[in-house]
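Everything below concerns the one structure shown next.
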Amino acid sequence: MLSRVADALFWMGRYLERASNLARAVDITFHLDLDLHGVLANPVELEWNALLSMLRQPPPQVRPGETPVTAVSRWLLLDMTNPGSVMACVNRARNNARSIRGSISTQMWRELNKLHWRLSDPGFQSRVAESPHDFCDEAQVGVLLCHGVCDATMMHDEGWHFIQAGTSLERADKVLRTLDSTVRLLERTDSSDLPVGTLQWAAVLRKCRAYEAYQRLSVSRVEPERVIEFLLTNPDFPHSVRFCLERVLDSLTVISGRLPGRCDAESTRTVGSLVSELTYLDTDELVGPRLHDFLSTAVVRCGSIGQLLQQQYALN
């Protein structure tokens, strides 16, 4: 496969997953902000700034007539000058898809194109200032449709596996960042209030589409230790870090044409090493600084996997 096509497919998968993750994070943060009003003095300083910190973005400039919350929502969802906004990510995914139309199905292009134009509608965007929920929901459903059509209509060949590798790597990265951001936030605020802590950890589960799955296995209150273990090591949940990286490893094995367990590329070894650590991880030992160190190191390693893939397959 040409590196140009592989690059477009890989980044199309990453940008779509990034848009969905961000839309979900904004939506959950918006509702958590409402829940925390009256409980905390200034939840904006906590949750919205924590979201910006997780995304490594500075607070946006507040325009006349905007509140800090609406400014952050606009910046993260709509602003095309922000390369990490939902609209910018969807636009980049669409541009990548358009450049390799012959390598994806007509139905997938149609769904991605429809998503772009639905989110670009000025009337639809104007409602974000009042509530971002409809916009965020539309973005998430649209990305899910793209994923479904991709799986149902494309050959599961090298091209499909490049999409899966990009999607799964992006998903693992965002779960790790969400956990690390929440751990640091709670350490900073020293929140010992059980109801507030429960709300925040429940929000973490919802940001990772994990609340219902977690409740099926843990019919009890939301406990941080069990949430962390579930999101890091569960082998069956599609948004756990272990599950995502196992999917990346599977795709890289197919792309390389090697037998499982016999891939000698640095990218594959790095993924395999991290998967092994997660498989045998004792989360009881991840307390205090050790947890933050593990999460931040895992984020760096996920970043290095992307860089190694760029070098190996000349993705740029």
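The values are calculated or read from the model by the stated rules, or taken from the named source; none is laboratory data. Values in this document were obtained by computation on a predicted structure and should not be read as measured data. Cβ: placed from backbone, ideal geometry, glycine included. Neighbour counts: every protein chain shown.
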Among the residues of segment 6-23, are any at pLDDT below 95 and within 19 Å of Gln200 (Cβ to Cβ)? no
What helices (runs of 4 or more DSSP H) lie completely within segment 85-159 and have 2 or more residues being over 18 Å from Trp11 (Cβ atoms)? 106-120, 122-126, 133-153
Flag for Ser103 being buried (at least 17 other Cβ atoms within 10 Å of the Cβ) and among the polar types (S, T, N, Q): yes
Return a yes/no flag: does segment 43-50 have any residue that is within 24 Å of Thr182 (Cα to Cα), in a helix (DSSP H, G or I) and among the polar types (S, T, N, Q). yes
Residue in segment 71-92 that is touching a helix residue (DSSP H, G or I) at 6+ places or on another chain (Cβ under 7 Å), of a type in the set (Val, Ile, Thr), surrounded by fewer than 22 Cβ atoms within 10 Å (Cβ to Cβ) and modelled with pLDDT under 95 present: no
Which listed residue is crowded, with 18+ Cβ neighbours inside 10 Å and either within 30 Å of His31 (Cα to Cα) or assigned by TED's automatic domain parsing to the domain that holds Leu22 (or both), from Leu145, Leu115: Leu115
Of the residues Glu158, Glu229, which is within 24 Å of Ser276 (Cα to Cα), at pLDDT below 95 and touching a helix residue (DSSP H, G or I) at 6+ places or on another chain (Cβ under 8 Å)? Glu229
Output the number of residues of segment 239-255 satisfying the condition of being modelled with pLDDT of 95 or more, closer than 19 Å to Asp157 by Cα and touching a Ser or Thr at 6+ places or on another chain (Cβ under 6 Å). 3
